[in-house]
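Below is one structure. I have some questions about it.
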Amino acid sequence: MANEYYEKLIRCRDVIREKTDFQPRIGLILGSGLGPVAETMEVVATVDYKDLPGFPVSTVPGHAGRYLFGYIGGVPVVCMQGRVHYYEGFDVHDVVLPVRLMGLLGIKLVFLTNAAGGLDPNMETPSLMVIRDHMMFNFPNPLVGPNLDELGPRFPDMSEIYDKNLRDVLHTTAAGLGMKLDEGVYIQLTGPSFETPFEVRYYGAIGGSAVGMSTACEAVAARHMGLKVCGMSCITNKGAGLSAHALSHQEVIEAGQQIAERFSALVTAAIPALDAAL
Ligand code: HPA
């Protein structure tokens, strides 16, 4: 796999480089319903995923499929409006290809965002949570297979996967905006079914704060490359069994829309502060 996959990555990078020589410092991945953040961006170039040979293209409603290149708060950023998920049937290596590609474009930090279900019955919804750590539960590690020595080592350290200084920057930024911001542990599951109430109690009992279907594998692939990582979950709903009603993707999208303005304000203010802390 190694060479073919690496060649695909390089081909995608070369196609992007034919379209733009923009040099981003931060990569931003926007989760379900959180795409509107991109409206705060001063866009100078866009690249549709479908124009990149072999690039995985998402089928999920609520996920646009393109890279945006431009500035947020004066910082050069590449933003992924939409990502692919393992549950769509993609190989896990393809799921992390987009974040690796941003690494090859020269970013120093990737800022991962997602929609997630809250495991604490007292968590407000919608609300925002900085990711302190994660667990991939019954989810394949994206580094399994021949190591891509060009990208990073065989056995990369993951002891501070979400950078402590950058988490502090997010909290300071939120405080400056008078916004409440939680911090917790994100558990990535394969999906696409939502959890059962028993699973939700179990994930909460082992110390998880939120469950979702993305992000952790991207964080692992990014750390493997030596990128700094920070992450934020938008808690769109209480986990199954913690509220009276059934869960739906529609609810997740609507909650994302409800919090989009707060989320945008925080991300827009945080990007220059994160950049200054790199
Ligand atoms: N579970 C898993 N993924 C999610 C959820 C959830 O409750 N909400 C948003 N993404």
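The values are calculated or read from the model by the stated rules, or taken from the named source; none is laboratory data. From a predicted model like this one, the values you see are computed outputs, not experimental measurements. Note that each Cβ is placed from the backbone with ideal geometry, even for glycine, and that neighbours are counted across all protein chains shown. Please note that ligands, DNA and RNA were not included when accessible areas were found on the heavy atoms of the full protein model with its side chains. Shrake-Rupley method; radii C 1.70, N 1.55, O 1.52, S 1.80 Å.
Give all pairs with beta carbons closer than 6 Å in which a residue from segment 81-108 that is in a loop (DSSP other than H, G, I, E, B) meets a residue that is open to solvent by 10 Å² or more (accessible area, probe 1.4 Å) and among the acidic types (Asp, Glu); count only pairs at least 6 apart in sequence or on separate chains.
Short answer, once both residue conditions are applied: none.
Further question: Could you please find all residues in segment 159-180 being more than 17 Å from the chain's Cα centre (by Cα) and assigned to a loop (DSSP other than H, G, I, E, B)?
Ser159, Leu177, Gly178, Met179, Lys180
Shifting gears a bit: Residues of segment 3-37 being in a strand (DSSP E or B) and either within 16 Å of the ligand (Cβ to nearest atom) or surrounded by fewer than 19 Cβ atoms within 10 Å (Cβ to Cβ) (or both), which ones?
Ile29, Leu30
Here is a yes/no grid of residues against (1) open to solvent by 70 Å² or more (accessible area, probe 1.4 Å); (2) farther than 21 Å from Ala270 by Cβ; (3) away from the ligand (no atom under 16 Å from the Cβ):
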| residue | (1), (2), (3) |
| --- | --- |
| Met102 | no, no, yes |
| Leu109 | no, no, yes |
| Gly145 | no, yes, yes |
| Asp149 | yes, yes, yes |
| Ala210 | no, no, no |
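Still on this structure, I have one more. Within segment 172-188, is even one residue farther than 24 Å from His245 by Cα, more than 11 Å from the ligand (Cβ to nearest atom), polar (S, T, N, Q) and open to solvent by 40 Å² or more (accessible area, probe 1.4 Å)?
Within segment 172-188 (the criterion being farther than 24 Å from His245 by Cα, more than 11 Å from the ligand (Cβ to nearest atom), polar (S, T, N, Q) and open to solvent by 40 Å² or more (accessible area, probe 1.4 Å)), the answer is yes, since at least one residue qualifies.
Specify the residue that is nearest to the ligand (Cβ to nearest atom); the eligible residues are those in segment 226-271 that are free of Cβ contacts under 8 Å to residues at least 60 places away in the same chain and closer than 26 Å to Gly204 by Cα. Let's see the steps before the verdict.
In the first step, residues of segment 226-271 are kept if they are free of Cβ contacts under 8 Å to residues at least 60 places away in the same chain; the result is 241, 243-246, 248, 250-251, 261.
Now restrict to residues that are closer than 26 Å to Gly204 by Cα: 241, 243-246, 248, 250-251.
Values: Gly241: 10, Ser243: 10, Ala244: 15, His245: 12, Ala246: 11, Ser248: 10, Gln250: 11, Glu251: 8 Å.
Ranking the qualifying residues of segment 226-271, first place goes to Glu251.
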